[in-house]
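Remarks on the structure that follows.
The values are calculated or read from the model by the stated rules, or taken from the named source; none is laboratory data. Quick caveat: nothing in here was measured; it's all calculated off a predicted structure. Here the Cβ positions follow ideal geometry from the backbone for every residue, glycine too, while neighbour counts run over all protein chains shown. Ligands, DNA and RNA are excluded from the accessible area calculation, which covers all protein heavy atoms including side chains. Shrake-Rupley method; radii C 1.70, N 1.55, O 1.52, S 1.80 Å.
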Amino acid sequence: MIQYLSMSNEQTHPLHSTDKNIIDSLMVKEKPSDLDFINLARLINRYGNFPGETEIKNDMEKILNFWKITKNDLFSKTRDIWSKSFRPSNTNKDLVGSGFDTSN
């Protein structure tokens with residue numbers, strides 16, 4: 001497991017509370033749905049280079065281990081999910097900040 005070290009300039013992400021609720025719900029999913037895989041992948045992308053949020057980053061690693069999937073396998077799986085015309089339901093509460101709810 002990758003342990004993210006605390007940094008003196010660690011920041012809190014503006015979507016921390018929303019994302020933490022999603023992370024907490026994913027941590028107990030024994031059989032993740034397509035939306036669960038999508039949510040974990042997008043959160044990994046969101047926090048990957050973010051300077052802070054050590055707890056969330058460590059929780060995401062725990063979820064990968066719990067689901068017995070690597071990050072590369074997760075991203076491959078989500079690409080496959082999207083390629084099969086997966087579309088989230090009309091409620092975008094679980095997709096805050098994903099780009100799904102933006103308009104041109």
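Considering only Cα-Cα distances, which of the following residue pairs are longer than 26 Å: 31/57; 31/62; 57/84? Show your work: numbers first, answer last.
Details: 31/57 21 Å; 31/62 15 Å; 57/84 29 Å.
Check vs 26 Å cut-off fails for 57/84.
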Which sequence of 29, 62, 68 reflects their accessible areas, 1.4 Å probe, from the largest down?
-> 68, 62, 29
Check cross-link reach from residue 77 to the aspartates and glutamates: straight Cα distance under 15 Å, and skip same-chain residues fewer than eight apart.
-> 34, 36
Net charge (Lys, Arg +1; Asp, Glu -1) of residues whose beta-carbon lies under 14 Å from that of residue 16, residue 16 excluded, is -3
Amide H contacts under 5 Å for residue 52, placed H, 5+ residues apart = 11
